[in-house]
1. All but one of (1) in a helix (DSSP H, G or I); (2) in contact (Cβ under 8 Å) with a residue 24 or more places away in the chain hold for His177, so report the exception by its number.
2. Determine whether Leu50 is touching a residue at least 24 places away in the same chain (Cβ under 8 Å) and farther than 26 Å from Trp215 by Cα.
3. Within the stretch 48-74, which residues are among the charged types (D, E, K, R) and modelled with pLDDT of 90 or more?
4. Across the stretch 209-230, which residue is modelled with the highest pLDDT among those that are in a loop (DSSP other than H, G, I, E, B) and under 15 Å from the mean Cα position of the chain (by Cα)?
5. For Asp162, are the conditions met, namely being exposed (fewer than 12 other Cβ atoms within 10 Å of the Cβ), modelled with pLDDT of 70 or more and among the charged types (D, E, K, R)?
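The values are calculated or read from the model by the stated rules, or taken from the named source; none is laboratory data. These numbers come from a predicted model, not from an experiment. Neighbour counts are summed over all protein chains in view; Cβ atoms, including those assigned to glycine, are modelled from backbone coordinates with ideal geometry.
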Amino acid sequence: MTEPPSKKFKKNLMRDDAADVIIRALAPLDGGGFAAISFLRERVDYITALGDGVSGLCLKTGVKVPVKMEHKALEEAIYRTHPQETPVLDLMDVTGAAAQDALFPSLRKDFAQEATAPDRRSLDDVPLRIAFFARQPQQQNFKMCVFDEDAIDWSSVEGHTDGKNGAYTKLKLTYGHNSPFGGKEVMFDMPRPKFMELYNLAKMNGDEELDLRDWTRRRDPDRTPPPSFY
């Protein structure tokens, strides 16, 4: 039996999620040289002007990346990039050797403290609700579902690649729960490895809700590819 979406799900459906933008850059290594890194926009803690057309990009993990861009230009690029228009913000050409001589200032401790603190995740097993659009077998009919994780028979989760819209996941529901199209079997257009990756990430982060509706909704006739999750 499906349950109505929570207010939080309804709110997420109406807003742009800043975490959708992926940023690529070259970060300096302690022993010299640079490493290519990719991270979500939500991982950015702050940016700072370093002078001479160079700015600093600081992540919540404490990583600091000099960027060969004016402070205002970098601010615009990071915080005003629309995830649907530019899902990946590539800063590889303006980081690394292009800005290697920049020095970061020592900011007040109360401002930079959060940037150097490691992430702390709770070890509590938080119950997770999952939202997605189920597809009717052999059809292009879609209906939104919201299930608690204990409504899923996890031993039945299968991945298939021969669906009408490419790879899809199929699973069975436990006693007392039914597919919106009848029966216990549910399928949705998302590769099984990606579904399990996002599920495990949500569990590790202690999230209460996993919203997969944007990925699993019908995308014909424009054939828009599903969003990337990293």
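1. (1)
2. Numbers: touching a residue at least 24 places away in the same chain (Cβ under 8 Å): yes; farther than 26 Å from Trp215 by Cα: yes.
Yes; evaluated as a whole, the condition is true for this residue.
3. Lys68, Glu70, Lys72
4. Looking at the filtered set, the residue picked out is Leu212.
5. Numbers: exposed (fewer than 12 other Cβ atoms within 10 Å of the Cβ): yes; modelled with pLDDT of 70 or more: yes; among the charged types (D, E, K, R): yes.
Here the answer is yes, as Asp162 does meet what is asked.
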